[in-house]
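Novice: Submitted below is the structure of interest, expressed as structure tokens.
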Amino acid sequence: MKCLPVVAIVCVFLLAACSTLKGAGTLPPLPLLPPADLGKHVQLSQRVMVTFADQSQTFLGAWVASAERLDFVGLTPSGQRLLSLSYDSQHFSEHYSSLMEDPIPGREVLSHLQLANWPRASIERQLEMTDWRLAQSDGERRLYFKDNLILTITASYTEDDDGKLPAAIRIRSHVAPYVLEVETLQVVEK
């Protein structure tokens, strides 16, 4: 059985949207951040809802970050694995299920996950000497390429945000009509 066409379409548009800037060509890839920069060994389970134009789709995401690596698995709501992504500060690897008609840009999945969860200082260090820039205020991060606003990331916390991971994240693209909403279901710190 092939993955639902809506899933494939939404994922492709969701993740490829940051690859192009209206009228300005292709954007360079965002750098991936060292897994150790998160500053903790943690395992998360999350519910992800993608809204593209007037269609929405829900997925499950599970990721583990340690000092050595970051691993992400995307699952259907019934638990079937759609993709596996890994990054160890040197090498990025991606594997896709035959359920997916078209692979999605997994590197962008990890970069968005890191933009929403990694400490601001780590992100800014990696963006130095690039045309990417991060601005942050009041629980909101804005990602710019040159002077163009690309993403707005809003995070909410169940407690104060000092060293905590967000309980909910909303990522809005300014170059494509999509919104990604992430609700953290479980956090296990090791």
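The values are calculated or read from the model by the stated rules, or taken from the named source; none is laboratory data. Source: prediction; values computed, not measured. Don't worry about glycine lacking a Cβ; one is built from the backbone with ideal geometry, like all the others, and counts go over all protein chains shown. Areas reflect the complete protein model, heavy atoms only, side chains present, ligands, DNA and RNA absent. Shrake-Rupley method; radii C 1.70, N 1.55, O 1.52, S 1.80 Å.
Novice: Kindly indicate which of Ala67, Ala36, Ala16 is aliphatic (A, V, I, L, M), at pLDDT 80 or above, surrounded by fewer than 16 Cβ atoms within 10 Å (Cβ to Cβ) and not in a strand (DSSP E or B).
Specialist: After ruling out the rest, the residue left standing is Ala67.
Novice: A follow-up question, please. Can you find even one residue in region 158-166 that is in contact with a strand residue (DSSP E or B) (Cβ under 9 Å, 6 or more places away or on another chain), of a type in the set (D, E, K, R) and under 20 Å from Phe59 (Cα atoms)?
Specialist: No.
Novice: Conditions: (1) in contact with a Phe, Trp or Tyr (Cβ under 8 Å, 6 or more places away or on another chain); (2) within 26 Å of Glu189 (Cβ to Cβ). Val50 meets all but one. Number of the miss?
Specialist: (2)
Novice: Can Ser86 be described as of a type in the set (Gly, Ala, Ser) and open to solvent by 40 Å² or more (accessible area, probe 1.4 Å)?
Specialist: Against the criterion (of a type in the set (Gly, Ala, Ser) and open to solvent by 40 Å² or more (accessible area, probe 1.4 Å)), Ser86 does not qualify.
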